[in-house]
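Structure first, commentary second.
The values are calculated or read from the model by the stated rules, or taken from the named source; none is laboratory data. Computed from a predicted structure; not experimentally measured. Ideal geometry is used to build each Cβ from the backbone, glycine not excepted, and the neighbour counts take in all protein chains shown. These area figures cover heavy atoms from the full protein model, side chains too; ligands, DNA and RNA do not enter into them. Shrake-Rupley method; radii C 1.70, N 1.55, O 1.52, S 1.80 Å.
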Amino acid sequence: MDDEQQRPGHGPLSGFTVGVTAARRADELGVLLQRRGATVVHAPALRIVPLADDGELLTATKELVDNAPDVVVATTAIGFRGWVEAADGWGLGEELLARLRSVELLARGPKVKGAVRAQGLTEEWSPSSESMAEVLERLLDEGVDGRRIAIQLHGEPLPGFVESLRAAGAEVVLVPVYRWMPPEDIAPVDRLLDAVLTRGVDALTFTSAPAAASLLSRAEERGLRAEFVAALRHDVLPACVGPVTALPLQAAGLDTVQPERFRLGPLVQLLCQELPGRARTLPIAGHQVEIRGHAVLVDGALRPVPPAGMSLLRALARRPGWVVARAELLRALPGSGRDEHAVETAMARLRTALGAPKLIHTVVKRGYRLALDPAADAKYADA
């Protein structure tokens with residue numbers, strides 16, 4: 001296939017592999033990534049307990065119906081809607097709505113406010129910032145000593161929020177909408193962990209703190225936590241939808257990237273900036289070569305490369321223009337044996353995949369090197 005056939009249609013994430021750990025809205029996130037060219041590996045790190053089967057939510061709902069709180073805090077639109085729908089299924093819908101009409105109802109942001117009003121309710125107050133810190137500040141300013149405050153949760157922990165209210169004298173009732181449980185089939189999670197360890201993914205996305213904690217826990221169970229954390233620290237980009245989601249990773253000493261707006265769309269846009277920005281671009285044999293996760297852009301044309309070829313190319317790119325011995329390249333090959341002929345075979349396939357054979361020079365009896373442009377030699381002389 002020539003350059004003109006390869007050039008059109010690739011997106012900013014073409015050539016990159018992204019791991020998705022989400023259970024809820026995983027399909028939506030996967031489609032957004034694929035539309036931008038990414039290869040997606042999905043392994044839900046958790047599963048959601050169906051609301052109709054959730055005895056804990058039923059118990060909390062009955063308790064609020066029977067014993068009115070002073071304040072109810074609605075934290076997510078989908079969680080609030082799901083709570084009311086589940087109550088309807090249990091025959092408690094009208095009683096719950098009547099109770100919510102009689103209390104001070106706070107909605108965390110415009111989307112939650114919309115869900116509240118769709119149920120015929122009116123919120124007492126809602127911050128435009130969607131910040132739980134602002135909700136907490138308002139409650140503490142009002143005074144919570146001796147007051148009973150119900151908080152609709154949505155699978156996410158609220159670090160410091162509940163503790164601060166209780167420290168100020170409030171009785172806090174938690175309404176656990178959409179609780180998380182371990183996945184029934186752990187095999188996809190293990191495959192994703194293995195892909196992280198072998199650098200088979202370029203980024204790992206997290207949309208909930210419990211999923212991040214679950215993946216770390218599974219790595220610990222397999223005795224791989226240190227290697228998993230090292231991969232995320234040095235090679236695989238951990239991307240979180242927001243700061244609460246990032247907490248378990250930060251507690252493990254990891255830096256993460258997060259969009260300014262805590263939504264799936266901005267998360268994908270952030271990856272579209274970060275991953276190409278991490279790719280290495282080199283001037284080789286008169287071409288611009290950008291080395292991505294499992295593909296290479298040669299003068300803007302996307303060239304998919306087999307895993308063995310990518311391993312060789314990365315080994316050569318660590319010292320651009322320098323000769324790399326066959327023995328060293330053999331060690332770089334995945335699952336390599338002792339036969340240096342494997343290097344020659346993989347190199348031939350790499351050259352074919354790149355579509356420009358002169359990018360890599362054979363140095364007789366020594367090895368191979370990237371044909372770095374002369375003007376770039378000084379820049380990489382001490383690489």
Residue pairs meeting the criteria (Cβ under 8 Å; at least 6 apart or on separate chains; first farther than 10 Å from GLY11 by Cα, in region 28-49; second among the acidic types (Asp, Glu) and in a loop (DSSP other than H, G, I, E, B)): ARG47/GLU184
VAL244, sole failed condition from (1) in a helix (DSSP H, G or I); (2) under 19 Å from HIS42 (Cβ atoms); (3) in contact with an Asp or Glu (Cβ under 6 Å, 6 or more places away or on another chain); (4) of a type outside the set (Ser, Thr, Tyr): (2)
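Evaluate the following for SER336: is it surrounded by 14 or more Cβ atoms within 10 Å (Cβ to Cβ), among the hydroxyl-bearing types (Ser, Thr, Tyr) and modelled with pLDDT of 90 or more? Even if it seems obvious, please write down each step before you answer.
Numbers: surrounded by 14 or more Cβ atoms within 10 Å (Cβ to Cβ): yes; among the hydroxyl-bearing types (Ser, Thr, Tyr): yes; modelled with pLDDT of 90 or more: no.
For SER336, the condition - surrounded by 14 or more Cβ atoms within 10 Å (Cβ to Cβ), among the hydroxyl-bearing types (Ser, Thr, Tyr) and modelled with pLDDT of 90 or more - is not met.
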Test: residue in region 143-161 that is acidic (Asp, Glu), loosely packed, with under 14 Cβ neighbours inside 10 Å and either modelled with pLDDT under 95 or in a strand (DSSP E or B) (or both): no
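Taking the conditions exactly as written (open to solvent by less than 50 Å² (accessible area, probe 1.4 Å) and within 34 Å of the chain's Cα centre (by Cα)), does VAL172 satisfy them or not? Step through it out loud before you land on a result.
Values: open to solvent by less than 50 Å² (accessible area, probe 1.4 Å): yes; within 34 Å of the chain's Cα centre (by Cα): yes.
Yes.
So which of GLN288, GLN269, GLN258 ends up being polar (S, T, N, Q) and over 19 Å from ASP202 (Cα atoms)?
Details: GLN269 fails: over 19 Å from ASP202 (Cα atoms); GLN258 fails: over 19 Å from ASP202 (Cα atoms).
So the residue among GLN288, GLN269, GLN258 that is polar (S, T, N, Q) and over 19 Å from ASP202 (Cα atoms) is GLN288.
Per-residue answers, yes or no, for (1) touching a Leu at 6+ places or on another chain (Cβ under 6 Å); (2) more than 30 Å from SER102 (Cβ to Cβ):
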{"position": "ARG24", "(1), (2)": "no, yes"}
{"position": "LEU29", "(1), (2)": "yes, yes"}
{"position": "LEU33", "(1), (2)": "no, yes"}
{"position": "ASP53", "(1), (2)": "no, no"}
{"position": "THR59", "(1), (2)": "no, no"}
{"position": "LYS62", "(1), (2)": "no, no"}
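Does ILE291 satisfy the condition of being of a type outside the set (Asp, Glu), surrounded by 14 or more Cβ atoms within 10 Å (Cβ to Cβ) and over 28 Å from the mean Cα position of the chain (by Cα)?
On the way: of a type outside the set (Asp, Glu): yes; surrounded by 14 or more Cβ atoms within 10 Å (Cβ to Cβ): yes; over 28 Å from the mean Cα position of the chain (by Cα): no.
Taking the combined requirement at face value, the residue does not satisfy it.
If we keep just the residues of region 103-117 that are part of a helix (DSSP H, G or I) and more than 13 Å from TRP83 (Cβ to Cβ), which is most open to solvent (accessible area, probe 1.4 Å)? Can you show your working first?
Start the filter on region 103-117 by keeping residues that are part of a helix (DSSP H, G or I), which leaves 110-117.
So of that shortlist, the ones also more than 13 Å from TRP83 (Cβ to Cβ) come out as 110-111, 113-114, 117.
Working: PRO110: 71, LYS111: 113, LYS113: 63, GLY114: 41, ARG117: 132 Å².
That would be ARG117.
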Number of positions in region 242-268 that are closer than 18 Å to GLN34 by Cβ and touching a helix residue (DSSP H, G or I) at 6+ places or on another chain (Cβ under 9 Å): 4
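Tell me, which helices (runs of 4 or more DSSP H) lie completely within region 257-349 with 1 or more residues that are more than 30 Å from ALA212 (Cα to Cα)?
Working: elements: 264-278, 307-317, 326-332.
Answer list for region 257-349: 307-317, 326-332.
Which of the following residues is open to solvent by 10 Å² or more (accessible area, probe 1.4 Å), assigned to a helix (DSSP H, G or I), among the hydrophobic types (A, V, I, L, M, F, W, C) and farther than 20 Å from VAL162 by Cβ: VAL65, VAL84? Please lay out each step first, then the result.
Numbers: VAL84 fails: open to solvent by 10 Å² or more (accessible area, probe 1.4 Å).
Answer to the selection: VAL65.
Would you point out the residue of region 50-76, among those that are of a type in the set (Asp, Glu) and touching a residue at least 24 places away in the same chain (Cβ under 8 Å), that is farthest from PRO182 (Cα to Cα)?
Restricting attention to region 50-76, the residues satisfying the condition of being of a type in the set (Asp, Glu) are 53-54, 56, 63, 66, 70.
Those left that are additionally touching a residue at least 24 places away in the same chain (Cβ under 8 Å): 54, 56, 63, 70.
Numbers: ASP54: 15, GLU56: 17, GLU63: 27, ASP70: 34 Å.
Residue satisfying both the conditions and the ranking: ASP70.
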Single match in LEU330, LEU282, LEU316, LEU302 (criterion: open to solvent by less than 40 Å² (accessible area, probe 1.4 Å), in contact with a His (Cβ under 6 Å, 6 or more places away or on another chain), farther than 30 Å from GLY242 by Cα and among the hydrophobic types (A, V, I, L, M, F, W, C)): LEU302
Scope region 68-78; condition buried (at least 16 other Cβ atoms within 10 Å of the Cβ), closer than 22 Å to VAL144 by Cβ and not β-branched (Val, Ile, Thr); matching residues: PRO69, ALA74
Residue list for region 212-244, restricted to those being within 25 Å of SER129 (Cβ to Cβ) and either basic (Lys, Arg) or out of contact with any strand residue (DSSP E or B) (no Cβ under 6 Å at 6 or more places or on another chain) (or both): VAL241, GLY242, PRO243, VAL244
Options VAL244, VAL236, VAL201; residue that is among the β-branched types (Val, Ile, Thr), farther than 17 Å from GLU28 by Cα, open to solvent by 30 Å² or more (accessible area, probe 1.4 Å) and in contact (Cβ under 8 Å) with a residue 12 or more places away in the chain: VAL244
